[in-house]
Amino acid sequence: MLFAYHPGKTLLHTLDVRCKCVLVCLLSLTVLKAGLPGNFAGLGLFILLLKRLGMGPVTLVVPLKWFFAFLALIFLSRWAATPGDAMVTLYGVSLTRQGFSDGSLVAAGFLNVMLLGLLLTATTRPMEIKAAVQWFFKPIPFIPEQRVAVMMGLALKFMPLILGNARDVSHAVDARCGNLRKNPVQRLVYRTWPLLKKTFQSADNLTLAMQARCYSENRTAPRFYSNGKEVPVMVGALVLSAAILWMR
């Protein structure tokens with residue numbers, strides 16, 4: 001399932017969670033600043049890493065279909081809105097070479113960031129990410145780091161649950177021939193409303209469970225575990241970032 005932890009003993013699984021968070025931020029900024037060759041190189045690397053985790057391209061197409069549709073919309077809007085040398089003209093709208101390049105670059109950057117997020121959530125338990133968020137925000141004054149960390153941890157926990165509920169609602173609507181309705185607004189309502197209802201019910205149940213267990217923000221500070229390879233991995237990530245930016 002997307003955004004869910006996949007147990008394993010790979011290098012990514014055993015790295016210190018703080019190192020993984022820094023790597024994701026570093027590589028995300030890198031691909032957003034890189035050109036098309038660098039983005040395609042990063043895309044190939046991230047797909048290879050996900051495949052080693054059992055999340056190959058074929059298994060990601062269907063769960064990410066709406067994200068791919070969003071990328072296609074961004075690509076088409078950039079292609080049509082960017083001025084330059086016209087490739088094709090349709091109904092008075094010129095699709096330019098510059099727009100094609102710009103749209104491809106933006107779509108590839110967003111896709112790389114998404115894959116980096118999948119790599120992080122697939123190799124890191126939500127409680128570890130929560131601990132890392134608390135550690136990063138602790139030196140910043142006037143920010144309740146424990147509360148922010150709890151919110152982040154709950155969001156990561158709820159993401160697979162929401163995706164699973166969306167899949168169940170979609171199957172239930174299709175089983176009742178809801179997908180055959182001609183009105184697109186009704187189709188959207190019949191899928192969205194039950195999903196929102198189930199999500200809010202799950203949130204209410206979680207709140208009651210936390211209150212029943214006397215949950216408090218004042219908890220024992222988290223412990224971090226390291227495999228001792230964080231420094232070589234960071235050096236390798238810096239070299240990779242430099243190579244991706246050089247490809248520009």
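Where a number appears in this text, it was derived from the coordinates with a stated rule and is not lab data. The shown structure was predicted, so the numbers you read here are calculated from the model rather than taken from an experiment. As a convention, Cβ positions derive from the backbone with ideal geometry for all residues, glycine included, and neighbour counts pool all protein chains shown.
Let me test this: with uniform point scatterers at the alpha carbons of region 162-207, what is the Debye-based log₁₀ I(q)/I(0) at q = 0.32 1/Å?
Values returned for q = 0.32 Å⁻¹ are -1.13.
Mind counting lysine pairs for me in the chain? Cα separation below 16 Å, and the two need to be 8 or more apart along the chain or on different chains. Could you put the intermediate results ahead of the total?
Numbers: Lys9/Lys20; Lys9/Lys51; Lys9/Lys229; Lys20/Lys130; Lys20/Lys229; Lys130/Lys138; Lys130/Lys157; Lys157/Lys198.
Value for the chain: 8.
Please arrange Glu217, Glu128, Glu230 by counting, for each residue, the other beta carbons lying within 10 Å of its beta carbon, fewest first. If you can, show how the numbers build up before the last one.
Values: Glu217 10, Glu128 20, Glu230 16.
Lowest to highest Cβ neighbour count: Glu217, Glu230, Glu128.
May I ask you to derive the FRET efficiency for Leu53 and Cys25 from their Cβ-Cβ distance with R0 = 22 Å, giving the value to the nearest 0.05?
Details: r = 20 Å, r/R0 = 0.92.
Working from the Cβ atoms, E equals 0.60.
Which helices count as membrane-span-like in the chain under these terms: full DSSP H, at least 15 Å along the axis by C-alpha, Kyte-Doolittle mean of 0.0 or more?
17-33, 36-52, 65-81, 97-123, 126-137, 145-175, 230-246
So if each residue of separation counts as 0.36 nm, and I subtract the Cα-Cα distance between Val235 and Leu36, what length gain in nm does that give?
Values: separation 199, 0.36 × 199 = 71.64 nm, distance 2.35 nm.
Once the chain is fully extended between Val235 and Leu36, it gains 69.3 nm.
Counting other beta carbons within 10 Å of each Cβ, put Leu115, Leu208, Leu12 in order, fewest first. All intermediate terms of the calculation are to be shown ahead of the outcome.
Details: Leu115 22, Leu208 10, Leu12 17.
Ascending number of Cβ neighbours within 10 Å: Leu208, Leu12, Leu115.
For the chain, set up a GNM with springs between Cα atoms under 10 Å and report which of Ile140, Ile162, Ile47 has the largest fluctuation.
Answer for the Gaussian network model of the chain: Ile140.
Counting other beta carbons within 10 Å of each Cβ, put Thr207, Thr96 in order, fewest first.
Numbers: Thr207 11, Thr96 21.
The most exposed by this proxy come first: Thr207, Thr96.
Can you tell me which of Ala34, Ala212, Ala108 moves the most in a GNM of the chain? Springs connect C-alpha atoms under 10 Å apart.
Among Ala34, Ala212, Ala108, the largest GNM mean-square fluctuation belongs to Ala212.
What number, in percent, do you get for the relative contact order of the chain if the mean sequence gap of Cα pairs under 8 Å and at least 6 apart is divided by its residue count? Could the numbers behind the result be given before it?
Working: 240 pairs, mean separation 82.5, N = 248.
After rounding, I find 33 percent.
Run the dipole for the chain about the Cα centre, Lys and Arg Cβ at +1, Asp and Glu Cβ at -1, nothing else charged, and hand back the magnitude in debye, nearest 20.
Its charge dipole is roughly 520 debye.
Whole angstrom only: what separates the Cα centroid of region 3-50 from the Cα centroid of region 109-129?
What the calculation gives is 7 Å, centre to centre.
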